[in-house]
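Below you'll find the structure, written out as structure tokens, and then a few comments.
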Amino acid sequence: QVQPVESGGGLVQAGGSLTLSCAASLRTFSDYIMGWFRQAPGKEREFVAAINWSSKTYYADSVKGRFTISRDNAKKMVTLQMNSLKPEDTAVYYCAADRYAGYAIASQYDYWGQGTQVTVSS
């Protein structure tokens, strides 16, 4: 089962925090770029954050300073810590993996999870 599996979504008030986790049983997990994307109703899927094989991180401007992505290669997991959440962060959050993707380009990721809903109330 290569498909990433997300967990940790839910309902939170504005200003609150949530932690999303993604487990991916990739044989060489440490070689993969792991990304988080989100899609709000009626909008296109957008890049949120990514982390490469050397743990270099990338963030969308809209989440920089509020979200933190990290990875645990031994556990084959990636985590997205989300702080100071805003109503505009409400979306389905997807975990994605690929060995060669441009980190912010969704179409270049081969493996996708089913998504987890994050709802931020005002």
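Brief remarks follow.
- Square roots of five times the Cα gyration tensor eigenvalues for the chain, Å: 22, 14, 13
- Val92 - accessible surface, heavy atoms, 1.4 Å probe, Å² rounded to 10: 40 Å²
- Taking all protein chains as they are arranged and a probe of 1.4 Å, the heavy atoms of Arg99 leave approximately 90 Å² accessible to solvent.
- Each Lys and Arg Cβ is given +1 and each Asp and Glu Cβ -1; about its Cα centre, the range 1-83 then shows a dipole of about 100 debye.
- For the chain, modelled as a GNM whose springs connect Cα atoms under 10 angstrom apart, the maximal fluctuation among Tyr109, Tyr32, Tyr100 occurs at Tyr100.
- Candidates Ser54, Ser107, Ser70, ranked by Gaussian network fluctuation over the chain, Cα under 10 Å, top entry: Ser107
- Lysine pairs in the chain whose alpha-carbon atoms fall under 17 angstrom of each other, counting only those eight or more residues apart or on distinct chains, come to 4.
- Separation of the range 7-46 from the range 74-120 is 3 Å, based on Cα centroids.
- Integer Hz, Karplus 6.51/-1.76/1.60 couplings in order for the range 56-71, x for Gly and Pro: 6, 10, 9, 9, 5, 4, 5, 10, 4, x, 10, 10, 9, 9, 8, 9
The values are calculated or read from the model by the stated rules, or taken from the named source; none is laboratory data. Keep in mind that this is a model prediction, so the values were computed, not measured. We place every Cβ from the backbone using ideal geometry, glycine too, and count neighbours over all the protein chains shown. These accessible areas exclude ligands, DNA and RNA; they are computed on the full protein's heavy atoms, side chains included. Shrake-Rupley method; radii C 1.70, N 1.55, O 1.52, S 1.80 Å.
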